[in-house]
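These notes are about the structure you will find just below.
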Amino acid sequence: MILTRRALIAGSAAATGLVYAPALLGQGKPRVVVIGGGAGGATVARYLAKDAAGALDVTLVEAEPAYATCFFSNLYLGGLRDFDSLVHGYDRLAAGNVTVINDLATAVDREARRVTLAGGQVLDYDRLVLSPGIDFVADSVPGWSLAAADAMPHAYKGGAQTELLKRMIQAMPQGGVFAMVAPPNPYRCPPAPYERVCMIAHLLNQTNPTAKIIILDPKEKFSKQALFEEGWGKYYNDMIQWINPEFGGADVAVRPDSMEVVIEGEVQKVDCCNVIPAQVAGGIAAKAGLTDASGWAPVHPDSMKSRVDGNIWILGDSSAQGDMPKSAFSANSQAKVAAMAIRGELIGSRVFPAKYSNSCWSLIAPEDGVKLGASYEPSGDRIASVDSFISDTGEDAALRKLTYEESFGWYAGITADIFG
C-alpha cells in the first residue's frame, strides 16, 4: 500500500459528499463551533467551510496560535527533523472562511448550546465538535504530576515539552541512564513510545554510545513489538532494556526531585526520565458531561456523533469508538465523516455510508521504516476493523527505505489536508 499526498487528498475528497440547497435553521447561517485545532478539529473545520461553500458559519477555537504536531516529533528527538517543520499555523484555514479564535474553551452549556471561552467570549452554536486530544490521569504514576513535568517531561503533547525532553537527553552524562515510564492502554498513538526509544537510541549512538535506556512498561505486549525488538537488536547494541510487568514494569514510582525511579521498591538512579502517564479525553469533554466511566467520550460509529448529546460530535483521541487507534490519521479520517454528517443535517447535503481508515508509520533507524494500518466500518455499536496490514520482520533494506520515504510523503500530505 503506497500512500501519496495526491492519493490522500483525492481520497478524502470522495468522502465529503455533495452540497445541495440549504435547509434553513431559523435566520442566518447555521453555526458550527469546533473546539481543538489538531488533526481532528482543524480537518473538520476546513472541510465544513470548504464543502459548504459559504452556507455555514464555522468557528475554530484553539488556545495556541500554532499547532506543533505530536506525530513526527520523535524524528525531531532523533535529530532527523527540525522542530520548526512540526509547527503549523491557521492562516490558511482563516483564509478558507473559518473564523479562528485563539482562546481556551472553559465551559459548554449544552441546553443553551453555548460555549464560554477563558477570555469571556460566548459562542452560540447549532452544532458543536469537540476534538480536544488527551489529558493525563492524576496520580497514575506515583510521584509524578503535571507540576513535575519540567523535571520529568511527558512530551506527549507537541511543543515545549518535546523541546525540553531533547535538551535533557543531550545533557545526559556519558554512560548515563534514560528511563521511560510507558503508559497503559488505551493511549495516544500506540507505537509512539517505542519509536521514541528508537530515535533516542539513534541520537545517543552518535553522542553517548555507552548510555543505557530502560522502558518501564505496565503492558504485557505493545504495538509492532516484533518489529521494534528486531530493530533494537540490529541497531542499538543492547542499549535498550524493556521491563514488562513480570519484572516490575507495572510497579513503578518516580522521584522527580532526586531523578530516581522506584521499581518494585528498588531505587534506580537515572539521568533523564520521560513519564508518559495514563490518559483520558481532553478536559472540556468531561466538563461538558460527554465522557463515561472510562474517561473517554462514546460516539455513534456511523457519524462520530456523541451518544450523550445529538448536537455534539467528538473526534480523535477523546472519542470511544471501537477499534480505531488514537492517531492523527484516525482523527483526520473521522473528521471527514463528521463533516459530511453535520453538513447533511444543517444544509441538506448528501450523506454517504461512513468509511474510516488509519495508517501508522514508525521509524526504527534512518531509512528503516515500518507501518501498519486498517480500514474500518460501523458494525453494531462500534467502529470495527474490516481489513489490516503490517510490515514483516526481516524485510529487505530497499522496502524499509521505501516505507521510510512514504512516511515523509504522508506527513506532507496530511498536514496540508488538515491545515490547508
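For the stretch 292-325, filtered to residues that are without any contact (Cβ under 8 Å) to a residue 24 or more places away in the chain and among the β-branched types (V, I, T), the residue that is most open to solvent (accessible area, probe 1.4 Å) is V308.
Return yes when G79 is out of contact with any strand residue (DSSP E or B) (no Cβ under 7 Å at 6 or more places or on another chain) and at positive phi and no when it is not. When the stated conditions are applied, G79 passes them.
Within the stretch 105-121, residues that are among the β-branched types (V, I, T) have Cβ atoms under 6 Å from residues that are at pLDDT 95 or above and in a loop (DSSP other than H, G, I, E, B) in these pairs: T106/A118; V108/A288, counting only partners at least 6 apart in sequence or on another chain. Against the criterion of being in a strand (DSSP E or B) and either in the same structural domain as P193 (by TED's automatic domain parsing) or not charged (D, E, K, R) (or both), A179 qualifies. Residues considered: A328, A365. Of these, the only one that is in contact (Cβ under 8 Å) with a residue 60 or more places away in the chain, open to solvent by less than 60 Å² (accessible area, probe 1.4 Å) and either in contact with a His (Cβ under 8 Å, 6 or more places away or on another chain) or among the polar types (S, T, N, Q) (or both) is A365.
Scan the stretch 247-285 for residues that are free of Cβ contacts under 8 Å to residues at least 24 places away in the same chain and either at negative phi or open to solvent by less than 40 Å² (accessible area, probe 1.4 Å) (or both) and jot them down. Across the stretch 247-285, the qualifying residues are F247, D251, S258, E260, E266, V267. Filtered by the rule that a residue be in contact with a strand residue (DSSP E or B) (Cβ under 7 Å, 6 or more places away or on another chain) and free of Cβ contacts under 8 Å to residues at least 40 places away in the same chain, the stretch 389-402 gives a lone residue, R400. The residues of the stretch 368-388 that are open to solvent by less than 60 Å² (accessible area, probe 1.4 Å), more than 17 Å from Y235 (Cα to Cα) and touching a residue at least 24 places away in the same chain (Cβ under 8 Å), listed by number, are K371, L372, G373, A374, Y376, P378, I383, A384, S385. A count restricted to the stretch 341-364 and to residues that are in contact with a Ser or Thr (Cβ under 6 Å, 6 or more places away or on another chain) and more than 25 Å from C189 (Cβ to Cβ) stands at 2. Applying the criterion of at least 2 residues that are under 26 Å from W361 (Cα atoms) and modelled with pLDDT of 95 or more to the strands (runs of 3 or more DSSP E) found wholly in the stretch 29-81 leaves 66-68.
The values are calculated or read from the model by the stated rules, or taken from the named source; none is laboratory data. Just so it is clear, the structure is predicted and the values come from calculations on it, not from any experiment. Methodologically, a virtual Cβ is constructed for each residue, glycine included, from the backbone with ideal geometry; neighbour enumeration extends over all protein chains shown. Heads up: the accessible areas ignore ligands, DNA and RNA and are worked out on the full protein's heavy atoms, side chains in. Shrake-Rupley method; radii C 1.70, N 1.55, O 1.52, S 1.80 Å.
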